[in-house]
Structures are given as C-alpha cells and as structure tokens.
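Student: Structure incoming, see below.
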Amino acid sequence: MSILNEISSWLQQGRAPKVKACVQQALDEGIPASEILEQGLLDGMGIIGQKFKNNEVFVPEVLIAARAMSKGVEVLRPHLVEDGVEEKGTVVLGTVKGDLHDIGKNLVRMMMEGKGLKVIDLGVDVPVEKFLDAARENDARIICCSALLTTTMGEMRSVVEAVEASELKGKVSIMIGGAPVTQTFCEQIGASRYTADAATAAEVALELCTA
C-alpha cells in the first residue's frame, strides 16, 4: 500500500496521530506537498463525504475524519506555501442573525475545506453586513448562509438583497442551506444555489469557485 493510500485510509478511520506521522513520512520521502494533499488527505475526505451522502457514515465519523485531516494539513501547510499551492477559492460561511445553530455549518466548513477551499467561518448569529464585509476583505467568491429556524430564514433574503444592492453583485454567489430551507425558497429570494447536505454544498462551492 502506498503511503498516500495509507494517509487516505487512516484519515477515513479518523486516526489523527497516524495521519500526522504518515504525512511527515511522505514529506521525508520527497513526495510533493500538493500530491500529499490531493491524493492523500483530500482523497480520504472525499470518500468520507461520499459515504456521508449515502448514509454509510454519520456526523461523528465525519467530525473525527475532519479532525484527522486538519492535523495532517498542519504538518503540510508550511510546505504547501513553499510549493506555491493556491487555495481553490474563498467562501464566507455563517449561520444567519438570530440563529445559534452550528453543527450543520461546521460540517459544511469541514467538507469545503476537504475540497481545498479556504473557508472564512463567521460563526453564528451573523448580521447581514458582516457577511458582506468578510466577502470584500477576503475576496470571496461565495457567501454561504445557514439557518435552522424558520423564523431566521428571512435573514437570507436580506443577505441576497444587500449583495444585489452592492458592488458585489455579479461577483459573489450566495449559497443557502439548513433544515427548513428548500429549493423553492432559494428561487423566491433569488439566491444562487440551495443544497440539501454538507457534501453537496462542498461540491457546488468548488464548482462555483472554479467556474
């Protein structure tokens, strides 16, 4: 089994110390950091994302796999900078104002990072202006809004309207998601995309950033 397959395999099992050790070993063997990232870490996270979509694994497994991935990335990060590996795009992510739920949002962040995207996580209870300011400051391609309460869904409309009224119009896509959110609601408020789960959200974000 190649060292990259080993990294992918340990990551899927959520074995953070093994992932760290194998990443270091791969670097010592002279494998480029970008290859370790793509064929080891992102490969493993991609498999977990697919299994999560198919209900073969659940939130706890995704969380421990993501933790293992972040430990591997810690070892790789300085080498990635040296190799000039660029992130594939920047996403601003947050739960809208009035809503304090973050499990879904955190899963989305992990899945997006697992696709090689840079995620600016604004946390929960995020006001409209904060989404826009973060998008400007970080040159983001996407604003991603999460809501778990029907009472806070209206905030998503406010984000769409604020972007439409600003210089970000046409430059920034708005993705929405969360338990009460639907495709119909997405169309009503004029958001760019709605996704039903974290794995699909990451796929769509990558597609929008690399389009």
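Student: Charges only on Cβ, +1 for Lys and Arg, -1 for Asp and Glu: so what's the dipole of the chain about the Cα centre, in debye to the nearest 20?
Tutor: Working: 21 positive and 30 negative charges, 77 e Å.
Roughly 360 debye for the chain.
Student: While we're here: Could you pull out the longest piece of the chain with no exposed loop GluC sites (Glu not before Pro) in it, calling a site exposed if DSSP puts it outside H, G, I, E, B and it has at most 14 other Cβ atoms within 10 Å? Present the calculation step by step, with values, prior to reporting the outcome.
Tutor: Numbers: sites that count: Glu29, Glu56, Glu86, Glu87, Glu167.
In the chain, the maximal stretch lacking such sites is 88-166.
Student: Whole-Hz Karplus ³J(HN,Hα) for the stretch 126-131, in order, using 6.51 cos²θ - 1.76 cosθ + 1.60 and θ = phi - 60°, x for Gly and Pro?
Tutor: 8, x, 3, 4, 5, 4
Student: Could you calculate the contour length gain from His79 to Thr151, that is, 0.36 nm times the residue separation minus the distance between their Cα atoms, to one decimal place in nm?
Tutor: Numbers: separation 72, 0.36 × 72 = 25.92 nm, distance 4.54 nm.
Fully extending the segment from His79 to Thr151 adds 21.4 nm.
Student: Which cross-chain or sequence-distant (5 or more) residues have an amide H under 5 Å from the amide H of Gly89, H modelled 1.01 Å from N in plane?
Tutor: Under 5 Å from the amide H of Gly89: Lys118.
Student: What do you get for the angle between helix 16-28 and the principal long axis of the chain? Use alpha-carbon atoms, 0 to 90 degrees, nearest ten.
Tutor: 60
Student: Calculate how steeply helix 3-12 sits against the longest principal axis of the alpha-carbon atoms of the chain, using the helix alpha-carbon long axis, and give the answer as 0 to 90 degrees to the nearest 10.
Tutor: 50
Student: Over the chain, with every protein chain in place, what whole percent of the accessible area is carbon and sulfur at 1.4 Å, could you tell me? Please report the intermediate quantities before stating the final value.
Tutor: Numbers: 5020 of 10050 Å².
Taking all protein chains in place, the chain shows 50 percent carbon and sulfur surface.
Student: Taking H as built 1.01 Å from N, whose amide H comes closer than 5 Å to the amide H of Thr95, not counting residues under 5 places away?
Tutor: Excluding prolines and chain starts, which carry no amide H, the hits are Gly123, Val124, Asp125, Val126, Ser146.
Student: Counting only heavy atoms of protein chains, what accessible area per residue, in Å², does the stretch 35-101 have with a probe of 1.4 Å? Don't jump to the answer; show the numbers that get you there.
Tutor: Numbers: 3400 Å² over 67 residues.
Ligands and nucleic acids excluded, the figure is 51 Å² per residue.
Student: At 1.4 Å probe size, with every protein chain present, just tell me what the per residue accessible area of the stretch 107-211 comes to in Å².
Tutor: Numbers: 4650 Å² over 105 residues.
Computed with neighbouring chains in place, this is 44 Å² per residue.
Student: Let me ask another. Expressed as an acute angle from 0 to 90° and rounded to the nearest 10, what is the orientation of the C-alpha long axis of helix 103-113 relative to the principal long axis of the chain?
Tutor: Its long axis makes an angle of about 50 degrees.
The values are calculated or read from the model by the stated rules, or taken from the named source; none is laboratory data. Not measured: the values here are computed from a predicted model. Using ideal geometry, Cβ is built from the backbone for each residue, glycine included, and neighbour counts are taken over all protein chains shown. The area values use the complete protein model at the heavy-atom level, side chains included, leaving out ligands, DNA and RNA. Shrake-Rupley method; radii C 1.70, N 1.55, O 1.52, S 1.80 Å.
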